[in-house]
1. Run the dipole for the chain about the Cα centre, Lys and Arg Cβ at +1, Asp and Glu Cβ at -1, nothing else charged, and hand back the magnitude in debye, nearest 20.
2. Ignoring ligands, DNA and RNA, please state the percent of accessible area on the chain from carbon and sulfur, probe 1.4 Å.
3. Taking the alpha-carbon centroid of each part, what is the distance from the stretch 1-62 to the stretch 104-183 in angstrom?
4. Compute the relative contact order of the stretch 51-118 as a whole-number percentage, counting only Cα pairs closer than 8 Å that sit 6 or more residues apart in sequence.
5. For a quick check of your reading of the filter: which GluC sites (Glu not before Pro) in the stretch 85-183 sit in a DSSP loop and have no more than 11 other Cβ atoms within 10 Å?
6. Hey, in the GNM for the chain with a 10 angstrom Cα cutoff, which one of 110, 87, 20 fluctuates hardest?
7. Direction-averaged shadow area of the convex hull around the Cα atoms of the chain, nm²?
8. Taking the Cα centre of the stretch 76-179 as origin, work out the dipole magnitude from +1 charges on Lys and Arg Cβ and -1 charges on Asp and Glu Cβ, in debye rounded to 20.
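The values are calculated or read from the model by the stated rules, or taken from the named source; none is laboratory data. Predicted model, so just to flag it, every value in this text is computed and none were measured. Reconstructed Cβ throughout: ideal geometry from the backbone, glycine too, with neighbour counts over all protein chains shown. What goes into the accessible areas is simple: the full protein's heavy atoms, side chains included, and nothing from ligands, DNA or RNA. Shrake-Rupley method; radii C 1.70, N 1.55, O 1.52, S 1.80 Å.
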Amino acid sequence: ALLYRHGAYSPDDVHQTATALQMLVPFMLALAGIQIIKKPFFALERRGALIAVGGLGVALTASLGLWLSPQMGVDGLALALSLSTTAQLLAYVILLQFTVEGGLGLGGLAIDLAKMALATIPAVAVASWLMAQGQWAEGPSLLNAGVFALSGLIGGLIYAGSAMALGIAELRTVASRIRRRKR
């Protein structure tokens, strides 16, 4: 609403854009993971596996898109892309797990990811409540910009506090680097 709600862009258009972007979040995260996980395949000279999984991903994207788009429109296409890209990432991880001698040590990663996901729950709950205080149908306004900024700031602080309480090591590393720079 802050970016687009003006001119001919109606509140319905804003809502449609927002839901499509929400459906695309898993796609963006999975795509980032794929960019990381592809590197070992190149190093191990297993390009054929990359091509095979990529081809299956294209077929899955097309199939899911054809199935979901008549029911959900653009949101269905976005969801199809997210589901297929996430499936590709999982396929790459599983293949690499069996390719690398001794595996990837995914147990520790799963625990860290679970802690990070758990830390998001209170942050998202509070940020969602704060975002509900905006007058989004009005579009860009000082109130909406303030609500948006405040929800991001408070949500981020709550996430950081929750992550620290859960003992997420990466956050402690970042916090210690910030403290060192301040000194």
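1. 1060
2. 71
3. Spelled out, the Cα-based centre of one part sits 22 Å from the other.
4. In percent, rounded to a whole number, it is 27.
5. Taking the stretch 85-183 and a limit of 11 other Cβ atoms within 10 Å, the loop GluC sites (Glu not before Pro) found are 101.
6. 110
7. Taking the Cα atoms of the chain, their convex hull projects to 14.5 nm² on average.
8. 280
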